[in-house]
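Structure record follows, encoded as structure tokens.
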């Protein structure tokens, strides 16, 4: 039930965020007075309807257990959406976030206000059309959880890097690195070096470690992987492996 509770809470947070943004845009638009504003108004209503439908599906299909869907999404889109969701944290903590390993033609973007920089490598090796396949909503929520933890762990003025690397024909590696502090016993828990019966009754059975352990279990169910380790220079790494679309 912990996994279901985490998922529903994060999913409802996202639906609320989307609906609030759309209602604010509709309010700013006012009463449509010309063809352009009418078109924009209809688009916003369709997006609001989509957000409502997502909530309906959540209530109907995932009342007592998770429902696994199968979709595809370009990696560049996943990165853009994920960074937009944590933009307020990046600004609040004055953090710099960079994505490396996507095609230059589609992802070279620099935003000084948000502290986000998408840096491309060789398009031939990491094409911007590369897409992941599986339960996209849950993949997004796991990535969001990792970015939130990295932001909260980082010191003000620090940086977070996301490295994209194709492992083989059907797998993509996303490694999130940050310079934040992590306690050795917390890292040991995330590396499954502490017995599960100890975790059940310890202070580790609470966020953020609990949420990260839930994400690990969820990724295994979704055909991916999630690992945590620390580099010799003390950077913390969250390594996410996602299935690629054919």
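The values are calculated or read from the model by the stated rules, or taken from the named source; none is laboratory data. Just so it is clear, the model here is predicted, and its values are computed rather than measured. Using ideal geometry, Cβ is built from the backbone for each residue, glycine included, and neighbour counts are taken over all protein chains shown.
Here is how the numbers come out for the structure above:
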item	result
Members of the range 160-172 found to be touching a residue at least 60 places away in the same chain (Cβ under 8 Å), surrounded by fewer than 17 Cβ atoms within 10 Å (Cβ to Cβ) and assigned to a strand (DSSP E or B), listed by number	163, 165, 166, 167, 171
Helices (runs of 4 or more DSSP H) within the range 1-97 that include 1 or more residues under 30 Å from residue 153 (Cα atoms), touching a residue at least 60 places away in the same chain (Cβ under 8 Å) and outside the structural domain of residue 208 (by TED's automatic domain parsing)	2-29
